[in-house]
Amino acid sequence: MSVSFSFKYYNPRSLEIIDTTLREGSQTSLLHDHYKYFYTTADKMEIVRALILYGVKFIELFAPNVSPQEASDWAAIKEVRDELVVQCGYTFLLAHVRCHPSDVEAAIKSGADGLNMYMGTSDASRNFNHGQNIGEITRRATKLIEEIHRDYPDLILRFSGEDAFRTREDDLFSVYDAVAPFVSRFGTPDTVGVATPTAVSRRVKLLRERYPHVDLEGHFHDDRGYALINTLEAVRAGTRYVNTTLLGIGERSGITSMTGLLFNLFVDKEYQFLDGYHVRESYPINVLMADKLRKLVPSKEPVSLTNRTHAAGVHQKAMINNASTYEANPLDQFGVTESEILLGPLSGWNVIHYFLKEICGFDIDESGAKSIATSFKQQVYGIPFGASPAAMLLKIAEDEYGLKPMKVPEQFRGTIAQNMTDTTHTAEVGEITHASGVILRSKQ
Ligand code: HCA
Ligand code: CU
């Protein structure tokens with residue numbers, strides 16, 4: 001038996017993420033360029049489960065009539081949602097639909113809690129997409145939405161003028177004025193990524209004043225690298241609902257990253273927007289998504305290990321002394337609980353000393369480390385593809401310099417001070433005594 005819950009009993013938070021990883025995110029070229037990357041039904045179920053556990057209450061999916069696969073995935077995803085109702089409360093599943101009766105019917109049949117309806121309103125969409133003028137769009141959308149509202153009063157209805165930021169304000173208003181009595185949200189999609197933060201803030205304020213009883217939803221593409229800042233501006237100007245994806249994947253350069261958005265709100269101490277989100281799960285959920293795409297969490301994702309990775313020798317030395325030198329943001333609160341220091345051509349003797357002594361437990365002094373560093377730098381540029389710099393360093397230390405393990409007192413074994421890795425070698429740091437003269441970090 002499937003579970004249902006009326007939206008009218010839900011009290012929306014100040015910020016409601018509408019995750020669209022499985023709709024907008026499926027439109028990423030990463031998935032469709034390479035057929036090996038398609039999500040399986042099991043992948044989708046795993047992603048939805050992780051999102052619900054994270055605290056997301058709205059998940060957008062394709063209209064089920066997009067393909068037979070999408071239709072059967074709806075059923076599988078609903079099962080995941082139903083299973084988690086007792087533990088997490090209800091999560092609303094929204095279907096992304098054209099203003100077209102066939103999409104609407106299919107979505108209703110699949111048990112969607114709401115319809116995210118859209119129709120192109122910009123000159124480009126009107127001329128090259130559906131060919132209708134603003135009057136026709138208004139009539140058609142209003143007729144359909146009014147009927148749905150009458151026949152299915154519990155459905156959550158949203159209308160978006162696609163390409164809203166290239167739509168003249170008057171045109172947008174004339175459509176929105178007509179459908180306002182029947183919807184609970186208006187989308188403001190920046191479909192082609194042209195909006196600036198100033199334009200977003202202005203547009204949101206105008207819409208808020210004009211439609212005080214209709215919530216707003218933001219959807220910003222990253223063509224200019226503005227998706228995140230535009231979303232932050234929209235939220236601050238009064239947009240309650242925001243479309244995000246995991247890792248920000250989506251059409252072209254994607255949209256706003258869910259964890260990137262929440263992380264920035266956290267850094268700026270806007271805690272009122274973080275209610276109910278388990279932000280410590282941010283990095284794990286990003287790793288899950290990256291794993292589905294068979295890649296690492298991208299370097300441009302704010303909540304990434306890359307943001308705690310240090311390659312330059314000067315940085316590495318400072319990091320060993322005090323991590324805050326090159327790590328200013330509270331990424332540990334978002335689940336990135338380790339720093340990474342990459343051994344490579346830029347590493348200096350300090351980090352080599354630290355690595356060989358603290359991590360590998362060799363009996364080595366500073367001058368020994370300096371000699372080994374010189375040798376390592378000479379050889380590391382010629383390292384074969386795929387080989388590990390750490391393994392090369394160890395070989396130099398043992399074979400060329402005959403280093404032997406140092407004796408670590410029993411009580412200090414097995415504690416972690418810092419993880420220093422390259423892509424193939426992960427090692428934990430044993431705590432060393434004061435007497436041995438190296439850095440001491442106490443166990444947390
Ligand atoms: C699309 C376009 C869309 C829709 C957004 C919305 C966009 O892929 O169909 O429905 O609000 O960016 O405009 O993603
Ligand atoms: Cu989009």
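Side notes on the structure shown:
- Potential extension, Lys404-Asn322 segment - 0.36 nm per residue separation minus Cα distance: 26.7 nm
- Its Cα gyration tensor gives the chain an equivalent ellipsoid, and the semi-axes of that ellipsoid, as √(5λ) in whole Å with the largest first, are 51, 21, 20.
- Under 5 Å, built H, 5+ apart or other chain: amide partners of Leu216: Phe186, Arg240, Tyr241
- Other residues whose C-beta falls under 9 angstrom from the C-beta of His353 contribute a net charge of -1, scoring Lys and Arg +1 and Asp and Glu -1.
- Ranked from largest, the principal axis spans of the Cα set of the stretch 35-95 equal 34, 23, 15 Å.
- Per residue, the chain reaches -10500 deg cm²/dmol at 222 nm when only DSSP H runs of four or more residues are counted, each adding -39500 (n - 2.57).
- Per-residue 3J(HN,Hα) values for the stretch 371-376, derived from phi via the Karplus relation 6.51 cos²θ - 1.76 cosθ + 1.60 with θ = phi - 60°, read 5, 5, 4, 4, 5, 4 Hz in sequence order (x marks Gly and Pro).
- Overall form of the stretch 278-341 per C-alpha gyration tensor (a/c, 1.5; a/b vs b/c): oblate
- Residues whose amide H comes within less than 5 Å of that of Glu340, counting only those at least five positions distant or on another chain, are Thr309, His310 (H built at 1.01 Å from N in the peptide plane).
- Here's the picture: a label point sits 7 Å out from the Cα of Arg210 along the beta-carbon direction, and within the stretch 105-141 the residues with their amide nitrogen under 20 Å of it are 117-127, 132-141.
- For Glu162, residues with placed amide H under 5 Å, excluding near neighbours: Met119, Gly120, Thr121
- Placing dummy labels 7 Å off each Cα toward the beta-carbon, the span from Arg294 to Gln69 is 1.5 nm.
- Contact order normalised by residue count of the stretch 12-292, Cα under 8 Å, 6+ apart, percent: 21
- The stretch 232-280 and the stretch 100-141: distance between their alpha carbon centers, rounded to Å: 27
- Over the stretch 166-250, the alpha carbon radius of gyration divided by the compact-protein estimate 2.2 N^0.38 Å works out to 1.04.
- Annotation for the stretch 230-282: trypsin sites (Lys or Arg not before Pro) lying in DSSP loop with at most 15 further Cβ atoms inside 10 Å of their Cβ are Arg252, Lys269.
- Separation of the alpha carbons by more than 27 angstrom is noted, of Lys295/Lys370; Lys57/Lys269; Lys57/Lys109; Lys109/Lys205; Lys295/Lys377; Lys109/Lys292, for Lys295/Lys370; Lys109/Lys205; Lys295/Lys377; Lys109/Lys292.
- Taking the longest Cα principal axis of the chain as reference, the axis of helix 134-151 is set at about 90 degrees.
- Distance between the pseudo-spin-label points of Tyr152 and Arg224 (7 Å out from Cα toward the beta carbon): 3.6 nm.
- Note on Phe7 and Val314: with the Förster distance fixed at 56 Å, the Cβ-Cβ geometry gives a FRET efficiency of about 0.55.
- For the stretch 76-83, 3J(HN,Hα) per residue [Karplus equation, 6.51 cos²θ - 1.76 cosθ + 1.60, θ = phi - 60°, Hz, x = Gly/Pro]: 5, 5, 4, 4, 4, 4, 4, 4
- Phi to ³J(HN,Hα) by Karplus 6.51 cos²θ - 1.76 cosθ + 1.60 over the stretch 338-344, Hz, x for Gly, Pro: 10, 9, 10, 10, 8, 7, x
- Debye intensity ratio I(q)/I(0), log10, the stretch 53-212, q values 0.08, 0.15, 0.17 Å⁻¹ (C-alpha model): -0.25, -0.86, -1.05
Every number in this text was worked out from the coordinates using simple rules, so none of it is lab data. What you are looking at is a predicted structure, and each value in this text was computed from that prediction instead of being measured. Cβ atoms come from the backbone with ideal geometry, glycine included; neighbour counts cover every protein chain shown.
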